[in-house]
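Read through the structure below, which is laid out as structure tokens, and then see the notes.
The values are calculated or read from the model by the stated rules, or taken from the named source; none is laboratory data. Keep in mind it's a predicted model, so treat the numbers as computed, not measured. Here the Cβ is made from the backbone with ideal geometry for all residues, glycine too, and neighbour counts use every protein chain on show.
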Amino acid sequence: MGTTVQKWGNSLGIRVPKAIAEQVKLRQGTEIEFDTSSGVLTIRPRRRRYTLKQLLAQSKGCDPHGEWQSDAPRGREVI
């Protein structure tokens, strides 16, 4: 399966065939990144990168499951 590079303003553009877009879950608005290692162009969906602040905002607190405090202390541990 192939496609043709087309002029798009001052850039070049390609159309991704529907079957390929579905295989890699590309949708309109999906951010992509390019890699040009060894003279080969690789296009892939951009991986979402999270900041620590974003991850902590999704956290359910310091002990969301309560598992580590399920038993009473058995020695001189400090809780």
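Collect the residues in the stretch 29-45 that are surrounded by fewer than 10 Cβ atoms within 10 Å (Cβ to Cβ) and touching a strand residue (DSSP E or B) at 6+ places or on another chain (Cβ under 9 Å), keeping them in residue-number order.
From the stretch 29-45, those surrounded by fewer than 10 Cβ atoms within 10 Å (Cβ to Cβ) are 29, 31, 34, 36-41; that's our starting set.
Hits for the stretch 29-45 are 31, 34, 36, 41.
Answer yes or no as to whether residue 32 is at pLDDT below 80 and in contact with a Pro (Cβ under 7 Å, 6 or more places away or on another chain). Against the criterion (at pLDDT below 80 and in contact with a Pro (Cβ under 7 Å, 6 or more places away or on another chain)), residue 32 does not qualify.
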